[in-house]
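To start, the structure itself, in structure tokens.
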Amino acid sequence: MRRVTIDTREDRAHELDGVPDPASRREDFLIPPAVGGDFPLTAYLAGNSLGLQPRATRGELMADLDAWEQYGVHGHADADRPWFPYHEELRDPAARLVGAEPREVVIMNSLTVNLHLLLASFYRPTPIRHRIVIEDYCFSSDSYAVRSHVALRGHDPDTAVLRLRPRPGEDVLRTEDVVKTLNDHAHSIATVMLGGVNYLTGELMDIPAITAAGHRIGAMVGWDLAHAAGNVPLHLHDWDVDFAAWCSYKYLNSGPGAIAGAFVHARHVDDTTIPRLEGWWSTEPASRFEMRPESEPQRSADAWSMSNPPIFAMGPVRTSLQLFDEVGMEALRARSLRLTSYLRDLLTVLAGRTEIALVTPAEDDRHGAQISVRVLGDVIDLTERLSANWGVVADDRQPDIIRLAPAPLYCTFHDCWRAADALSQELTGEGIA
Ligand SMILES: Cc1ncc(COP(=O)(O)O)c(C=O)c1O
């Protein structure tokens with residue numbers, strides 16, 4: 001066995017932070033002050049739950065408020081960033097982020113709402129082909145969404161929702177098992193809807209392989225990208241994904257409850273036979289104010305949008321997407337892998353000293369910027385102690401998982417060291433070094 005010596009000294013973290021990295025944009029963010037510990041700022045490893053505020057957001061938001069003050073209703077056309085086409089500014093950067101053609105994406109609503117709107121189109125059950133496949137341990141909202149869709153169409157959620165489970169004794173799904181389940185139930189599956197990166201385990205799924213497997217059995221395949229957008233490089237168009245949705249408040253740093261995104265593959269936006277829930281924002285802008293009874297759906301993902309967009313919610317998304325454009329997903333991913341692998345090394349040392357287990361897969365192509373750690377004892381209490389005693393902000397999922405996410409735009413190697421050190425102090429009474 002190859003023996004690797006891991007340098008657990010705090011100075012090593014400082015050395016790593018001393019290497020210039022253009023993908024680190026920490027100075028562009030507001031880091032919350034620590035409530036406890038020796039450092040003034042938190043080591044914020046909860047960006048997979050709620051990302052931090054970019055410094056530019058406040059000014060941009062104020063500019064939109066000023067425009068409202070100055071122009072009233074005329075702001076729709078006359079504001080510096082006119083409100084009527086405001087969402088167009090978000091389209092190109094959002095498309096670049098998820099690897100889509102611009103007409104395949106739209107920024108709108110919240111994540112679960114978007115999943116519902118997309119399921120209305122891409123879950124089209126027949127008496128035989130009526131099942132939806134999800135992960136058993138998907139985020140609860142997705143389970144509620146698919147169960148309600150199934151029930152709405154007259155099927156029994158307990159039998160029509162097929163829940164994928166890892167093998168006994170394992171924490172994450174294997175692609176081969178997912179594919180096998182799809183093949184085993186080939187004729188009854190209408191739609192597959194999985195998390196691109198699982199919120200709990202941090203597992204990055206093989207999106208292209210599973211999408212292709214779903215298509216081979218004649219199913220529609222969609223992805224909840226809440227934990228993948230802004231975290232890992234995505235190529236939704238080339239991967240032939242049918243539909244996807246994501247939120248903007250995690251890795252995308254657009255603020256609590258921020259407006260979400262949706263993707264519909266180009267082949268569907270051109271298909272006029274697809275049923276859809278519509279509103280006046282679905283229709284062609286040129287005829288929108290003709291107030292006709294029938295819509296003239298846009299040949300883009302905008303056909304799935306309904307209402308005029310909330311301008312003050314769009315500004316923070318625009319500001320955030322600019323940062324992603326400046327850094328680029330490839331550079332960000334490279335930094336993300338470096339940080340996550342450093343954190344993993346330290347946690348592996350800790351796992352040799354006390355009973356914790358690293359749930360997230362170790363291989364680079366199977367994780368994003370998150371490591372889920374299984375711990376013994378009261379996980380809520382532990383998370384609170386990490387913050388109160390060490391200024392480390394992590395995120396717990398009952399009953400026994402702590403999630404640590406070194407979001408690469410603003411997290412440092414020293415943040416990772418602080419997280420591992422705090423966990424070590426709390427679990428063993430000694431530091432990691
Ligand atoms: C994977 C996943 N799906 C869905 C949701 C629900 O998001 P929303 O409240 O924005 O609809 C979340 C929220 O954190 C999530 O992590």
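Tell me the relative contact order for the stretch 360-433 as a rounded percent, counting alpha carbon contacts under 8 Å between residues six or more apart. Don't skip to the end; give the middle numbers.
On the way: 90 pairs, mean separation 20.1, N = 74.
Reported as a whole number, the value is 27 percent.
With only alpha-carbon atoms counted, please give the Rg and Dmax of the stretch 1-149, in Å.
Spelled out, the Cα radius of gyration and Dmax of the stretch 1-149 are 22.9, 70 Å.
Using the Kirkwood radius built from alpha carbon pairs, what does the Stokes-Einstein equation give as D for the chain at 20 °C and 1.002 mPa s, in µm² per second?
It comes out at roughly 94 µm²/s.
May I ask which residue of 191, 29, 130 lies farthest towards the positive end of the charge dipole of the chain, with charges of +1 (Lys, Arg) and -1 (Asp, Glu) on Cβ and the Cα centre as origin?
130
I want to verify a result. In a Gaussian network model of the chain, Cα cutoff 10 Å, which of these has the top mean-square fluctuation: 394, 351, 420?
So, out of 394, 351, 420, the one fluctuating most is 351.
Put +1 on the Cβ of every Lys and Arg and -1 on every Asp and Glu Cβ in the chain; which of 313, 221, 43 then has its Cα farthest towards the positive end of the dipole?
With unit charges placed on the Cβ atoms, the residue in question is 221.
Over the stretch 340-392, calculate the relative contact order: mean separation of alpha carbon pairs under 8 Å at least 6 apart, over the residue count, as a percent. Before the final figure, lay out each step's value.
Numbers: 32 pairs, mean separation 15.4, N = 53.
Relative CO of the stretch 340-392 lands at 29 percent.
Hey, with R₀ at 51 Å, roughly what FRET efficiency would residue 6 and residue 272 work out to, going by the Cβ-Cβ distance, to 0.05? Before the final figure, lay out the partial values.
Working: r = 58 Å, r/R0 = 1.14.
According to the calculation, E is roughly 0.30.
Where the centre of each part is set by its Cα atoms, how far does the stretch 394-433 sit from the stretch 84-104, in angstrom?
First find each Cα centre; the distance between them is then 35 Å.
Measure nothing but the geometry: give the 0 to 90° angle between the long axis through the Cα atoms of 207-216 and the longest principal axis through the Cα atoms of the chain, rounded to 10°.
With rounding to tens, the tilt is 40 degrees.
To the nearest 0.05, how large is the calculated FRET efficiency for residue 433 and residue 384 if R₀ is 22 Å and r is the Cβ-Cβ distance? Provide the component values of the computation, followed by the final result.
Details: r = 24 Å, r/R0 = 1.09.
So the FRET efficiency works out to roughly 0.35.
Counting Lys and Arg as +1 and Asp and Glu as -1, each charge on the Cβ, what is the dipole of the chain about the Cα centre in debye, to the nearest 20? Could the numbers behind the result be given before it?
Values: 41 positive and 62 negative charges, 175 e Å.
My answer is approximately 840 debye.
Restricting the count to DSSP beta bridges whose residues both fall in the stretch 191-260, what percent are antiparallel, rounded to a multiple of 5? It would help to have the intermediate numbers written out before the result.
Values: 1 of 9 bridges.
Roughly 10 percent of the DSSP beta bridges within the stretch 191-260 come out antiparallel.
Does anyone have the angle between helix 329-351 and the longest principal axis of the chain? Alpha-carbon axes, 0 to 90°, nearest 10?
Taking the Cα atoms of the chain, the angle to 329-351 is about 40 degrees.
In the stretch 377-391, whose amide N lies under 16 Å from the spot 7 Å out along Cα-to-Cβ of residue 38? List them in ranges.
Residues passing the 16 Å test: 389-391.
Of all DSSP beta bridges located in the chain, what percent are antiparallel, nearest 5? Provide the component values of the computation, followed by the final result.
On the way: 22 of 40 bridges.
Here the share of antiparallel DSSP bridges comes out near 55 percent.
Could you state the angle between the C-alpha long axis of helix 175-184 and the longest principal axis of the C-alpha atoms of the chain, as a value from 0 to 90 degrees rounded to the nearest 10?
So the helix axis and the longest Cα principal axis differ by about 40 degrees.
Let me have the relative contact order for the chain, percent, based on Cα pairs under 8 Å that are six or more residues apart.
On the way: 853 pairs, mean separation 104.6, N = 433.
After rounding, I find 24 percent.
Report the net charge of residues surrounding residue 290, where surrounding means a beta-carbon distance below 15 angstrom and charges are Lys +1, Arg +1, Asp -1, Glu -1.
Surrounding charge for residue 290 is -1.
Sorted from fewest to most neighbouring beta carbons within 10 Å, what does the list 365, 64 look like?
On the way: 365 9, 64 22.
So the ranking, lowest neighbour count to highest, is 365, 64.
With runs of 4+ DSSP H residues as the only contributors, calculate the mean residue ellipticity of the chain at 222 nm using -39,500 (n - 2.57) per run, divided by the residue total and rounded to the nearest 500. It would help to have the intermediate numbers written out before the result.
Values: 14 runs with 161 residues, N = 433.
It lands at -11500 deg cm²/dmol.
What is the Rg over Rh value, at two decimals, for the stretch 177-299, using alpha-carbon atoms and the Kirkwood definition of Rh? Walk me through the numbers before you get to the answer.
On the way: Rg = 16.8 Å, Rh = 16.3 Å.
My calculation of the ratio gives 1.03.
Every read-out reported here was derived from the displayed coordinates using simple, explicitly stated rules and does not represent laboratory data. Computed from a predicted structure; not experimentally measured. Cβ sites come from the backbone with ideal geometry, for glycine too, and all protein chains shown count toward neighbours.
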